[in-house]
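Nothing in this text is a laboratory measurement; each read-out follows from the coordinates by a stated rule. Everything numeric in this text was worked out from a predicted model, so none of it was measured. Cβ atoms come from the backbone with ideal geometry, glycine included; neighbour counts cover every protein chain shown.
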Amino acid sequence: DDFFRSLPRAKYGGRHTVTLLPGLGIGPELSQFVKQLFRVKGVPIIFEEITINPAAEGLEEMDNAITSIRRNGACLKGNVETRSLNPAVVSRNVTLRNTLDLFVSIYHCLSYPGVVARHKDVNVVIVRQNTDGEYAMKEHEAIPGVVECLKVMTRPHAERLATFAFEYAIARRRKRITTVHKANIMKVSDGMFLEVAREVSKQYPDIKHDDMIIDNCCMQLVSNPHQFDVILTTNLYGSIIVNLIAGLIQGQGLLSGQNYSNQYGVFETATRNTGTDIAGKDLANPIAFLSASADMLYYLKLQEHANRLRKAIHHVINVDKIHTRDIGGNALSSDVFAKIYEHM
Ligand code: ADP
Ligand code: MG
């Protein structure tokens, strides 16, 4: 899209080299499928794979991944969760996003007509603050028993995020952006986030802009998600909202998420699940990870390959209805993949 100013650079002999970070849990098995699919179906991608040792909690492997993404410009990523509650152990996912300045996350929450869910025909885009905000990781115990946690907002970052949201809305022919916040309580931080969104909106008269308090937004989403078009929101609210919508449309195994800086694109599943309990059992729904792969192909301007994959996904889920357990079926991951192969 036009708003990605610089394109990924690593392209040799017509093939893009991209970083593959399989991550933990179900990530490695889904990565294997995608590698095989791309190879067999002639998708011109070479994966540079960085494995993460499940037992390690340090940043060494993540540093390697970051270097690789800097070189390649694009990355397909499984989840690398950090479960430790020890404050000295920092989240590797958050480190990756902060170091690469992946300032925005986009989730296109679109219902699959072939999947039975609480709500049908949902079509909402979430534009989420992806660095800073509540995830600034600036917490400390001031004196024993007194803890402070900083939510960091800066005007330039709020501006580029809001601008991204409006540019995205224009590019995708969306009509309305709702800024979701808690400015009635967090008057300074969320207050600025909202004020900046209002300012930026003045440059885009064709897009309607309004706002909603996060509490009300959750209630409105559950009762009538169809009223929303694009939601612009902060880091933590964005994470909660995407998981809420995933619940409404059975999306945790279906939806993909895109993370962007001015230079890099990192593609993963929307709800960033590890799926520890189902790993290695051929039970994971591979659609979210496949959709992330399609998003990456689109970003690399391999639209034809991206569309071929998206069409195959659509056919398998909506027409053939080969569904894994999480969406009410009893197919295995490998059954879904076999059909995807067939359609591609
Ligand atoms: P955990 O953090 O405990 O590993 P997750 O947050 O990864 O759990 O996932 C939450 C729940 O959603 C789990 O029960 C997991 O099995 C399920 N889940 C996550 N991803 C998928 C998927 N791709 N297909 C099927 N189920 C999934
Ligand atoms: Mg989890």
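Please work out the Cα convex hull volume for segment 1-134 and give it in Å³ per residue.
174 Å³
Please say if the chain is rounded, prolate or oblate, where rounded means a/c under 1.5 for a ≥ b ≥ c the square roots of the C-alpha gyration tensor eigenvalues, and otherwise the choice is prolate for a/b larger than b/c and oblate otherwise?
The shape class here is rounded.
Projected area of segment 9-61, taken from the Cα convex hull and averaged over every viewing direction, in nm²?
4.4 nm²
Under the definition of Cα pairs under 8 Å and six or more residues apart, what whole-number percent is the relative contact order of segment 199-320?
Relative contact order comes out at 17 percent.
Two-decimal Rg/Rh of segment 96-207 from alpha-carbon positions, Kirkwood Rh?
1.05
Over the chain, what is the relative contact order in percent, taking alpha-carbon pairs closer than 8 angstrom and at least six residues apart?
21 percent.
How big is the gap, in Å, between the Cα center of segment 40-70 and the Cα center of segment 227-299?
Taking the Cα centre of segment 227-299 as reference, the centre of segment 40-70 is 19 Å away.
For A246, what charge total do you get from the other residues with a beta carbon under 12 Å from its beta carbon, if Lys and Arg give +1 and Asp and Glu give -1?
So the surrounding residues net to +1.
Give the order of I26, I170 when sorted by the count of other beta carbons within 10 angstrom, beginning with the fewest.
Listed from fewest to most nearby Cβ atoms, that is I170, I26.
Summing -39500 (n - 2.57) over the DSSP H runs of n ≥ 4 in the chain and dividing by its residue number, what mean residue ellipticity at 222 nm do you reach, to the nearest 500 deg cm²/dmol?
Calculated mean residue ellipticity at 222 nm is -11500 deg cm²/dmol.
Please label the shape of segment 236-321 as rounded, prolate or oblate, based on the square roots a ≥ b ≥ c of the eigenvalues of the alpha-carbon gyration tensor (a/c under 1.5 means rounded; beyond that, a/b larger than b/c means prolate, else oblate).
In terms of gyration-tensor shape, oblate.
Could you give each residue of segment 318-335 its phi-based ³J(HN,Hα) in whole Hz, using Karplus coefficients 6.51, -1.76, 1.60 with θ = phi - 60°, and x for Gly or Pro?
The phi angles translate into 9, 9, 6, 6, 7, 10, 6, 4, 4, 10, x, x, 9, 6, 8, 3, 5, 5 Hz.
Considering only the chain, what is the antiparallel percent among its DSSP beta bridges, to the nearest 5?
Counting only bridges with both partners in the chain, antiparallel ones make up about 50 percent.
Counting other Cβ atoms within 10 Å of each Cβ, which trypsin sites (Lys or Arg not before Pro) in segment 103-135 have at most 12 and sit in a DSSP loop?
R118
Would you kindly calculate the mean projected area, averaged across all directions, of the convex hull enclosing the Cα atoms of segment 170-314, in square nanometres?
The orientation-averaged projected area of the Cα hull of segment 170-314 comes to 10.8 nm².
Express the relative contact order of segment 265-343 as a whole percentage, based on alpha carbon pairs under 8 Å and six or more residues apart in sequence.
Relative contact order for segment 265-343 comes out at 30 percent.
Which order results if E148, E48 are arranged by neighbouring Cβ count within 10 Å, fewest first?
Listed from fewest to most nearby Cβ atoms, that is E148, E48.
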